[in-house]
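Here the structure is laid out as structure tokens; the discussion comes afterwards.
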Amino acid sequence: MGSDGEGSDSAAEWCAVALDHLVADRPEAALTAARRAIALDQAGEWAHRLASLAFERLGGDPESVQQAVREAEQAARLAPGSWQARLRLGAVLRRVPGRFREAAAHIAAAGRFAPEEPGPHALAGDLALLRGEHRRAAAAYLAALHRDGAHAGARVNYGLTLLCWDPPRAHHDPAWTIDPRETGRARRALEVWSRQARLLPAAAIAVSGALVVTGPLPDVPLGLPGLIVIVLLGSLTVRQARRVRVWSVVPVMLGRDRWLGLSVATAGIACAAYTAALFVPVADPLWAGLAGIVLLNAPALAALRVLSEAWRGHPVRALAQLSMAYGERTARRDLSVTLWIVLARVWSVLVALVLTALVVHPAGGLAALVVPYLLARVRVRGGLAGLGAVRADRWLAAAVALTCTAALACAVAAAASGAAALASGGAWPGPAASGPAASGVAAAAVTPGGERVAAWAWRVALGGSAAVVVVFLLRAVRAWWRGAPGPWRASLIMAEPAMEGADPPVTLTPEVRQALTFSRDVVLACAGALGPMALAVGAVTSISASGELRLIAGEEAWEAAERDPRVAVFASGRPHPRLWVEVRGVALADPDSDVLRVTPKQVVVGEYPGRHQRR
């Protein structure tokens, strides 16, 4: 048979072809091969799993997702004890609005059927991460990595939990039955209102402040124009409120998405401050305070968000995880964004040290030497020594170089200030110097040489710190223009499951089938209430084409299977007396047929010792 499967009448061979196409990222060809396999064997659950995965990869449109769900449900019906079928069904159901909890149940079942496999744990972590449950997600990813340290998806997503990453729809709980488009529409309306509620009063206050400078104003500063602004704000509020159709979940949305909630709250504060300012004379200091609240509302919120996102989570530990999965494209993207987050944190430390040296005491500038040390520690602890992550992003490399230059210049300025003062027989200058002496420039003015060195060093420190911001903005504009990932948290993405639930099922050879069917000594090993136990099986009534066993067993076996579905079936005596067969699998009760259905996970065949093995 060729690589395209032509000339074959075997469903298994067509499934193998479909799997090869999926590995090569050819979902159309994979779907064609999977359909040929289904046509040859309607009871083959593997073909339905592969068809489901192919439909899912064809695109995110609702029709493809629904087709993927139907194929996965058919696979689960054909083999309810297959952990791979349950995992495939759970993976695709999480994309269907309103069926998130059902997806979690199927993934939990897959983990119960095959706790030794990393896939169910990794997908359980994905569900928790999508809900913002970082601790639960981290525990699931660590369980997956404990079973397979090379699981790239689990490692990348574990790095996201260390960053306390929020999913794109942070306002929406995937477990809600509400359509995410409705909550998305409500979020956009709230965002637009909060933006308008901050911008309009700020513009009015700015105009009134300009009029204060250029000419007199009445005691009530805004008068009729101010009331017009209030009426306009009310009209905008009513307009946006009509777009929100899910008011019952809005409080929960604001609690889940903290920045949305803070934006709405601060917009309300700005409106209240503006309304109060209408009845306060301009000459009153209270008016200036209210105007400051209105004008500085948005900048303060933006600064708070930048600092909060820079100092949230454990980015260095996340770098260590992402660097171990650097071969994956998602890992490389997330690692680059995480490096910008680390740089933002280090830069904020540098700015704090520079400002301390400028305002409090020049000696504080010597502490800026810690910045290059911190960057070196990030390189070692983040596992970046052998990676070209920094070199791959020239903007990031430039920002790192500018940060180190500014830090060294700050330390040089502080040392020059102190050396000049000590050379002249005085003490190290303090913050009591007049005027710009607090900046350290005039503090080094004891000698002309010290003044020049310190002045230029402080200029370099301040200029380098400002240049880092310029580089960041240029990098952000470039990413926005090209539609590429930007250097901000919103560019972090999850690693999607690669081929979960696509592996072939365990097949039974004719020899094993014969041994199980004709043996009179069939034993079921399972977990009893007090520990492992072995129970006699009445008979193996049938074995399906996919290898599923149907056993007649007593009530005790049914109870044990319900307690723990992992069982082992032993048979011996056929086709020759010394042969024994062990089938390890998952047992589920079928009340309609009054049998236990055992889906194989592993088959072991051996021979009892005899005289032929004496040597």
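Structure summary
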| read-out | value |
| --- | --- |
| Out of Ala498, Ala534, sole residue that is in a strand (DSSP E or B) and not β-branched (Val, Ile, Thr) | Ala534 |
| Test set (1) farther than 24 Å from Arg312 by Cα; (2) surrounded by 23 or more Cβ atoms within 10 Å (Cβ to Cβ) - Ala154 fails condition number | (1) |
| Of all residues making up segment 66-83, the number that are open to solvent by 20 Å² or more (accessible area, probe 1.4 Å) and either in contact (Cβ under 8 Å) with a residue 40 or more places away in the chain or of a type outside the set (Asp, Glu) (or both) | 8 |
| Enumeration of residues in segment 303-319 that are crowded, with 18+ Cβ neighbours inside 10 Å, more than 16 Å from Phe472 (Cα to Cα) and among the hydrophobic types (A, V, I, L, M, F, W, C) | Val316, Ala318, Leu319 |
| Residue list for segment 523-562, filter: open to solvent by 60 Å² or more (accessible area, probe 1.4 Å), over 46 Å from the mean Cα position of the chain (by Cα) and farther than 17 Å from Glu582 by Cβ | Gly538, Thr541, Ile552 |
| Residue list for segment 553-586, filter: farther than 20 Å from Arg520 by Cα, aliphatic (A, V, I, L, M) and in contact (Cβ under 8 Å) with a residue 60 or more places away in the chain | Val586 |
| Number of the condition not met by Ala515 [criteria: (1) open to solvent by less than 20 Å² (accessible area, probe 1.4 Å); (2) in a strand (DSSP E or B); (3) modelled with pLDDT under 85] | (2) |
| Residues (open to solvent by 20 Å² or more (accessible area, probe 1.4 Å) and either among the aliphatic types (A, V, I, L, M) or closer than 23 Å to Val294 by Cβ (or both)) located in segment 250-260 | Val252, Leu254, Arg258, Trp259 |
| Segment 26-70, residues that are at pLDDT below 90, in a loop (DSSP other than H, G, I, E, B) and over 15 Å from Asp503 (Cα atoms) | Asp41, Gln42, Ala43, Gly59, Gly60, Asp61 |
| Pair list, Cβ under 9 Å, 6 or more apart: segment 475-488 residue touching a residue at least 40 places away in the same chain (Cβ under 8 Å) and among the basic types (Lys, Arg), other residue surrounded by 15 or more Cβ atoms within 10 Å (Cβ to Cβ) and not in a helix (DSSP H, G or I) | Arg475/Asp393; Arg475/Gly486; Arg475/Pro487; Arg478/Gly486 |
| Residue check, Glu500 under 30 Å from Val604 (Cα atoms) and surrounded by 16 or more Cβ atoms within 10 Å (Cβ to Cβ) | yes |
| Unique residue being within 28 Å of Leu343 (Cα to Cα) and surrounded by fewer than 17 Cβ atoms within 10 Å (Cβ to Cβ) when the list is Leu473, Leu462, Leu492 | Leu473 |
| Residue in segment 364-371 that is more than 24 Å from Arg155 (Cα to Cα), modelled with pLDDT under 90 and in a loop (DSSP other than H, G, I, E, B) present | no |
| In segment 104-151, the residues that are more than 16 Å from the chain's Cα centre (by Cα) and of a type in the set (Asp, Glu) | Glu116, Glu117, Asp148 |
| Any hit, segment 91-103, residues being over 29 Å from the mean Cα position of the chain (by Cα), closer than 27 Å to Ala587 by Cβ, of a type in the set (Val, Ile, Thr) and in a helix (DSSP H, G or I) | no |
| Test: Ile543 is free of Cβ contacts under 8 Å to residues at least 40 places away in the same chain and among the β-branched types (Val, Ile, Thr) | yes |
| Test: residue in segment 210-221 that is at pLDDT 95 or above and in a helix (DSSP H, G or I) | no |
| Residue pairs meeting the criteria (Cβ under 9 Å; at least 6 apart or on separate chains; first within 14 Å of Pro504 (Cβ to Cβ), in segment 19-33; second open to solvent by 90 Å² or more (accessible area, probe 1.4 Å) and among the basic types (Lys, Arg)) | Asp20/Arg26 |
| Segment 166-187, subset of a type in the set (D, E, K, R) and in a helix (DSSP H, G or I), residue most open to solvent (accessible area, probe 1.4 Å) | Arg181 |
| Test: residue in segment 330-352 that is without any contact (Cβ under 8 Å) to a residue 60 or more places away in the chain, among the hydroxyl-bearing types (Ser, Thr, Tyr) and open to solvent by less than 50 Å² (accessible area, probe 1.4 Å) | yes |
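Residues are listed down the side, and each one gets a yes or a no for (1) crowded, with 21+ Cβ neighbours inside 10 Å; (2) farther than 25 Å from Leu339 by Cβ; (3) of a type in the set (Val, Ile, Thr); (4) modelled with pLDDT of 95 or more:
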{"position": "Glu117", "(1), (2), (3), (4)": "no, yes, no, no"}
{"position": "Arg136", "(1), (2), (3), (4)": "no, yes, no, yes"}
{"position": "Tyr141", "(1), (2), (3), (4)": "yes, no, no, yes"}
{"position": "Leu145", "(1), (2), (3), (4)": "no, no, no, yes"}
{"position": "Tyr158", "(1), (2), (3), (4)": "yes, no, no, yes"}
{"position": "Thr161", "(1), (2), (3), (4)": "yes, no, yes, yes"}
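The values are calculated or read from the model by the stated rules, or taken from the named source; none is laboratory data. On a predicted model such as this, the values are computed, not experimentally measured, just so you know. All Cβ positions, even for glycine, are placed from backbone atoms using ideal geometry, and neighbour counts span all protein chains on display. Quick note on the areas: whole protein, heavy atoms, side chains included, nothing else; ligands and nucleic acids left out. Shrake-Rupley method; radii C 1.70, N 1.55, O 1.52, S 1.80 Å.
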